[in-house]
1. Taking springs between alpha-carbon atoms closer than 10 angstrom, which of ASP182, ASP149, ASP87 fluctuates most in the Gaussian network model of the chain?
2. So for the chain, what percent of the C-alpha to C-alpha distances run longer than 29 Å?
3. Over the chain, with a Gaussian network built from C-alpha contacts below 10 Å, which listed residue (ARG200, ARG174, ARG11) shows the highest mean-square fluctuation?
4. Once each part is reduced to its C-alpha centroid, what is the distance from the range 86-160 to the range 241-278 in angstrom?
5. Apply the Karplus curve 6.51 cos²θ - 1.76 cosθ + 1.60, θ = phi - 60°, to the phi angles in the range 187-193 and return the couplings in whole Hz, x for Gly and Pro.
6. With runs of 4+ DSSP H residues as the only contributors, calculate the mean residue ellipticity of the chain at 222 nm using -39,500 (n - 2.57) per run, divided by the residue total and rounded to the nearest 500.
Amino acid sequence: MSMKPAHAQLRAELRAGAGMLMPGAGNALAARFIERAGFRSLMVSGAAVANSYLGMPDIGLVSVTELAQHVAAVREAVSLPILADADTGFGNALNTRRTVQLLERAGANAIMLEDQTYPKRCGHFDGKGVVSTQEMVSKIKAAVDARQDDGLMILARTDSRAVEGFEAALDRARAYKAAGADFLFVEAPLTREELLAIPREVPGIHMCNMVIGGKTPLLPREELAAAGYAAICYANAALQASMLAMERVLGHLHQHGSIEGAEDQLMMFAERQQVLDGAGFKALEQRYA
């Protein structure tokens, strides 16, 4: 599948002030729901992959090959542009180069790299560490060199707000932009004022992350767009919704011995097949019968 149209679509839509909503997916099923809901892009979230695939927290346990397999499955399921969360690049600059090549072949249209020490942890966990600015600059340069198609976008994320302070995080964002990053993400600002100041203080294309229950205040799309954000990521909203739904339905089943009384919390069989494109696969079966 040629990625050029999706590359071009993402680049065209990621402009300062666009405020494009970008939900996160941990698997192809979640990606289908994101596309079905009408969103224009999605992120393959490292946290969502770790939680849903391994049943473990986001502490750097997913391997690069496992991530690439998830990106490939999502690419096959949907046509939306995909931002792949590549954590720290899975090592040094050379590892980052291979990571970018793997994820580009898997179907990513943009790749996010962060400056945490390896193994990383969720951006809203305490106890994070960051590598030097120069080490991250080297990774960004390696990522830019590694891509086969210049349309593939590189997103540079800094987690340094929690380690070095807000001004240092802004300085890192400037350095990462100068190194060739196509757009920027300062993770986990602590106040409304910090969140709104980032695009103003570092002109360019910015993404922010609205983590329900996290460290960053949740602001409406309109306010974030007006501040200059190109993309507003809800990396784990779909995951958190599915976790709550599973807990409620399975708790009901365990308590009552049947689903009776909880049917309204379930997607019915026919709707489920519609989401999964059952009719499309049936038509293929008939075509090749």
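1. ASP149
2. Of all Cα-Cα distances in the chain, 33 percent exceed 29 Å.
3. Highest fluctuation among the options: ARG200.
4. 37
5. So the Karplus estimates, Gly and Pro as x, are 7, 6, x, 9, 10, 4, 4 Hz.
6. -14500 deg cm²/dmol
Every number in this text was worked out from the coordinates using simple rules, so none of it is lab data. If you're wondering where the values come from, they're calculated on a predicted model, not measured in any experiment.
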